[in-house]
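Accompanying notes for the structure given below.
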Amino acid sequence: MSESSIRPAVITKVIPDSIAAEMGFAPGDAIVSINQQKPRDLIDYQFLCADELLELEVLDSRGKTHQLEIEKDYDEDLGLEFESALFDGLIQCNNRCPFCFIDQKPPGMRDTLYLKDDDYRLSFLYGSYLTLTNLSQKEWNRIEQMRLSPLYVSVHATEPDIRTRLLKNPRASQILEQLKWFQQKRLQIHAQVVVCPGINDEKHLETTLLDLAKFGKGDIPAVASVAVVPVGLTRFRPEEDELIPVTAEKAREVIQQVQTLQPKFRKTLGSTFAWLADEWFLIAGEELPLESDYEDYPQIGNGVGSIRQFLEEFEEIATELLPPKVFPPRQFNWVVGNAVEKAFQPIVDRLNSVEGLQIEMVALCSDFWGQTMSVTGVLTGQDLLHGLQNRKLGDAILLPDVMLKHGETRFLDNMTVEDLAAQLKTPVLPVSGIDGLILGCINPQL
């Protein structure tokens with residue numbers, strides 16, 4: 001990446017009482033260089049700022065350049081947030097995975113929903129998954145030199161022909177050599193395997209997990225954990241993609257296969273190592289594992305244990321926040337994906353134990369995506385409009401904000417919460433997490 005492609009880092013927020021606030025920084029200003037070096041991304045910015053004397057070149061919102069000197073403690077943060085973690089642009093994916101959710105979207109959605117991220121920096125910073133197929137030697141060197149670990153890697157299969165078939169990229173065959181590189185450099189990854197029935201399941205899945213387990217030993221295992229995830233399909237996917245959906249029978253088969261290996265991993269590696277995403281149990285109609293089975297939730301961002309954690313945390317917070325009674329009485333509809341309907345019934349029962357509070361869970365699948373079972377985050381405004389318009393809606397609709405664009409009130413299909421409320425003629429209350437759900441029930445802003 002040439003220096004000319006590195007854009008100034010545009011500031012979106014200045015933390016109150018920070019060094020940057022004292023210096024007079026404002027949203028819209030931009031960092032051009034730090035100690036004569038242009039930061040490529042948030043990683044560079046954090047590294048360059050870890051010094052006691054900084055010389056900054058700053059471009060203010062009016063286009064005027066300023067030279068600033070800052071003296072501070074070595075590890076003291078400036079107090080700035082930026083519009084993007086990447087100042088030189090996103091490293092996009094060069095694979096053509098048939099199960100890629102981005103390729104299973106219709107036209108006309110938000111532009112950002114079509115960006116194929118395969119960027120190791122976002123993997124390090126935020127835990128997004130990459131494939132390692134597009135890294136130049138310069139980027140491999142940077143990973144080593146800056147100790148960018150752990151990374152999160154979509155492995156899917158360790159057999160070269162199977163992985164190449166899945167990623168549609170000949171460079172995909174190098175995965176075992178790349179894992180050996182992480183092992184030699186004492187760096188780590190968390191892996192995921194998206195199971196596509198008929199391609200990388202059955203004996204291929206076992207081969208993959210056993211191969212990955214070979215890198216799971218030692219004080220710094222190259223592979224720290226593996227998430228086994230079912231492929232998700234929509235009605236917009238290409239007809240020739242050779243993919244078939246995961247059935248309840250297939251889910252039970254995969255659960256049995258992985259759970260048979262887990263005791264062996266615990267014995268040889270000291271860890272369960274390979275975990276099943278919650279969706280397997282939801283599809284199979286089986287009970288979720290206990291909280292103790294997830295150890296320290298190493299794959300929580302991949303939906304491994306997230307429902308169990310939500311249920312356990314709900315109980316703790318409900319004990320603290322829920323009153324025995326609310327007045328005046330109120331009735332709400334709580335909208336979730338139908339994949340979690342059975343798992344979330346205890347939450348509804350607990351909320352309805354409060355005198356004067358009546359919660360009805362409305363568990364919907366997504367007709368928009370053509371799914372018979374859906375997680376909450378993929379539901380669109382159209383799905384909610386279709387699923388709610390002929391129901392008694394009570395005082396308001398409680399809406400988990402995972403359905404919305406971060407910081408906005410817009411669904412994946414571009415409908416807004418305001419549009420939905422107007423068409424349903426009922427208030428719609430976005431709620432964030434467990435605290436938001438409980439407070440929305442007992443102290444709604446209607």
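The set of residues in region 121-178 that are in a loop (DSSP other than H, G, I, E, B) and among the aromatic types (Phe, Trp, Tyr) contains only Tyr129. One residue stands out among those in region 375-400 that are farther than 27 Å from Pro328 by Cβ and in contact (Cβ under 8 Å) with a residue 40 or more places away in the chain: the one that is most open to solvent (accessible area, probe 1.4 Å), which is Val375.
Hey, does region 191-211 have a residue that's surrounded by fewer than 18 Cβ atoms within 10 Å (Cβ to Cβ), touching an Asp or Glu at 6+ places or on another chain (Cβ under 7 Å) and more than 25 Å from Glu312 (Cβ to Cβ)? Yes, there is a match, as at least one residue in region 191-211 is surrounded by fewer than 18 Cβ atoms within 10 Å (Cβ to Cβ), touching an Asp or Glu at 6+ places or on another chain (Cβ under 7 Å) and more than 25 Å from Glu312 (Cβ to Cβ). Here Ala222 meets the list (1) in contact with a strand residue (DSSP E or B) (Cβ under 7 Å, 6 or more places away or on another chain); (2) surrounded by fewer than 24 Cβ atoms within 10 Å (Cβ to Cβ) almost entirely, failing just condition (2). Contact map, region 163-178: first residue more than 18 Å from Gln137 (Cα to Cα), second residue part of a helix (DSSP H, G or I) and of a type in the set (S, T, N, Q), Cβ cut-off under 7 Å, separation 6 or more or different chains; pairs are Arg163/Ser173; Thr164/Ser173.
Among residues of region 418-445 that are of a type in the set (D, E, K, R), those with a beta-carbon under 7 Å from a residue that is crowded, with 17+ Cβ neighbours inside 10 Å at least six positions away or on a different chain give the pairs Glu418/Thr409; Asp419/Gly381. Can you pull out the residues in region 406-446 that are closer than 24 Å to Ile307 by Cβ and either open to solvent by 70 Å² or more (accessible area, probe 1.4 Å) or among the polar types (S, T, N, Q) (or both)? Once the filter is applied, which keeps residues that are closer than 24 Å to Ile307 by Cβ and either open to solvent by 70 Å² or more (accessible area, probe 1.4 Å) or among the polar types (S, T, N, Q) (or both), region 406-446 yields His406, Ser432, Asp435, Leu439.
Annotation: Gly370 fulfils all but one of (1) in contact with a Lys or Arg (Cβ under 7 Å, 6 or more places away or on another chain); (2) farther than 30 Å from Val229 by Cα; the unmet one is (2). Checked against (1) more than 17 Å from Ala191 (Cα to Cα); (2) part of a helix (DSSP H, G or I), Pro289 passes all but a single condition, namely (2). Among the residues making up region 11-38, a single one is within 12 Å of Leu80 (Cα to Cα) and in contact with a helix residue (DSSP H, G or I) (Cβ under 6 Å, 6 or more places away or on another chain): Val14. Among residues of region 359-374 being part of a loop (DSSP other than H, G, I, E, B) and modelled with pLDDT of 90 or more, the one that is surrounded by the fewest Cβ atoms within 10 Å (Cβ to Cβ) is Asp367.
Scanning region 157-187 for residues that are basic (Lys, Arg), farther than 17 Å from Gln145 by Cβ and surrounded by fewer than 16 Cβ atoms within 10 Å (Cβ to Cβ) yields Lys168, Lys180. Could you please let me know if Thr260 is farther than 18 Å from Gly232 by Cβ and surrounded by fewer than 14 Cβ atoms within 10 Å (Cβ to Cβ)? Spelling it out, Thr260 is indeed farther than 18 Å from Gly232 by Cβ and surrounded by fewer than 14 Cβ atoms within 10 Å (Cβ to Cβ). Just one of the listed residues (Val348, Val336) is open to solvent by less than 20 Å² (accessible area, probe 1.4 Å), among the β-branched types (Val, Ile, Thr) and closer than 13 Å to Leu282 by Cβ, and it is Val336.
Taking (1) open to solvent by 30 Å² or more (accessible area, probe 1.4 Å); (2) not in a helix (DSSP H, G or I) in turn, Phe310 satisfies each apart from (2).
Restricting to strands (runs of 3 or more DSSP E) lying wholly in region 1-82: which have 2 or more residues that are of a type in the set (Val, Ile, Thr), at negative phi and surrounded by fewer than 18 Cβ atoms within 10 Å (Cβ to Cβ)?
Strands (runs of 3 or more DSSP E) meeting the threshold: 9-14.
Sub-8 Å Cβ pairs linking a first residue in region 53-65 that is closer than 28 Å to Asp75 by Cβ to a second residue that is hydroxyl-bearing (Ser, Thr, Tyr) and open to solvent by 70 Å² or more (accessible area, probe 1.4 Å), at least 6 apart or interchain, are Glu57/Thr65; Val58/Thr65; Leu59/Thr65, ordered by first then second residue.
The values are calculated or read from the model by the stated rules, or taken from the named source; none is laboratory data. No experiment lies behind these values; they were computed from the predicted model shown. Note that we place each Cβ from the backbone using ideal geometry, even for glycine, and neighbour counts take in every protein chain shown. Areas reflect the complete protein model, heavy atoms only, side chains present, ligands, DNA and RNA absent. Shrake-Rupley method; radii C 1.70, N 1.55, O 1.52, S 1.80 Å.
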